[in-house]
Amino acid sequence: MRVFIDTPEKIAEMAAQKYVDLLRRKPNAILGGATGSTPLGLYAQLAKLCSEGKVSFKDATSFNLDEYVGLDGTHDQSYRYFMNENLFKHIDIPIERTFVPSGIDTDPATAAAYDEAIKAAGGIDMQLLGIGNNGHIGFNEPGTPFGSITHMVELTESTRTANARFFNSIDEVPTHAVTMGIKTVMNARSIILMAIGKAKAEIIKATIQGEVTPQVPASVLQLHPDVDVFLDYEAAALL
Ligand code: PGA
């Protein structure tokens, strides 16, 4: 793992540069997208670079990590809505080549078909990840088998509490989600992990310097050959 530590603004720029380099080399790259507060600075940077003509997504495809069960794409807390509002509307990617798992059709066969669609597209070239306070990547909560593919999960209390800030109350936070599995993520050719803020410091230490264990799902990234980790000073404080 290559670890870069700087301000939130600077790590957003460094991560954005990875997209510029990839899309210059491979304009039709397959991108893996993430939601949450962490990628917002990166997405703003990508929108800026795209509007300045410094990067183009017109031949790219994207597959997002996860979606809440029960929320359709028009719900303002769905991850489809998040991606449209925070990225897709502001860059030149054709919306029909942006994919988010369905939170409505939770048939296991539909979830597994997401992995097949990724494979059919050629596999993910670069997967972006945030990290949960409990080490989840996507919504792969602690204990998720490393061999998992896209599947439905029950969210932990820790995750629901962390995400309650976006809803009127914790009761409104969905109890389940559909997420790419750990294996789906590990199949990506390269991975960018981003973390910002002191609430992430402990789990970042466990992820990078701790034992590789399903109890810390992100620790599996130690086994991937091409991972860039972008941390702000607070998230890196315990390294
Ligand atoms: P955050 O979420 O970026 O809002 O901290 C990250 C995650 O839960 O994966």
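Overview of results
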item: Estimated translational D of the stretch 1-77 in µm²/s (Stokes, Kirkwood radius over Cα pairs; 25 °C; 0.890 mPa s); result: 176 µm²/s
item: Extreme residue, positive dipole direction of the chain, given options Ala162, Ile192, Gly147 (C-beta unit charges); result: Ile192
item: Debye equation applied to the C-alpha atoms of the stretch 1-42, log10 I(q)/I(0) at 0.29, 0.30 Å⁻¹; result: -1.10, -1.11
item: Fully extended contour minus Cα-Cα distance, from Phe166 to Arg2, at 0.36 nm per residue; result: 55.9 nm
item: Rounded to whole Å, sorted largest first: equivalent-ellipsoid semi-axes of the chain, Cα gyration tensor; result: 23, 22, 18
item: 10 Å-binned pair-distance histogram of the stretch 103-210 (Cα, whole percent); result: 13, 42, 35, 10, 0
item: Set of aspartates and glutamates near Lys18 by C-alpha distance (under 14 Å), chain-local residues within fewer than 8 positions excluded; result: Asp125, Asp226, Asp228
item: Amide hydrogen neighbours beyond the local backbone of Ile104, cut-off 5 Å, H modeled; result: Gly70
item: Surface share of carbon and sulfur [accessible, 1.4 angstrom probe, percent] for the stretch 1-143; result: 53 percent
item: The stretch 2-232 - percent relative contact order, Cα under 8 Å, separation 6 or more; result: 24 percent
item: Summed residue charge, Cβ within 12 Å of Thr61's Cβ, Lys/Arg positive, Asp/Glu negative; result: 0
item: Beta bridges by DSSP in the chain, antiparallel share as percent, to the nearest 5; result: 25 percent
item: Surface accessible to a 1.4 Å probe, per residue, for the residues of the chain, Å²; result: 43 Å²
item: Hz values of 3J(HN,Hα) by residue in the stretch 180-188 - Karplus curve (6.51, -1.76, 1.60), Gly and Pro given as x; result: 3, x, 5, 5, 4, 5, 5, 6, 4
item: Estimated vicinal HN-Hα couplings, Hz - the stretch 114-126 in sequence order (Karplus 6.51, -1.76, 1.60; Gly, Pro = x); result: 5, 4, 5, 5, 4, 4, 4, 6, x, x, 6, 7, 8
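The values are calculated or read from the model by the stated rules, or taken from the named source; none is laboratory data. It should be emphasised that the depicted structure is a prediction, and the values quoted were computed from it without experimental measurement. Note that each Cβ is placed from the backbone with ideal geometry, even for glycine, and that neighbours are counted across all protein chains shown. Heads up: the accessible areas ignore ligands, DNA and RNA and are worked out on the full protein's heavy atoms, side chains in. Shrake-Rupley method; radii C 1.70, N 1.55, O 1.52, S 1.80 Å.
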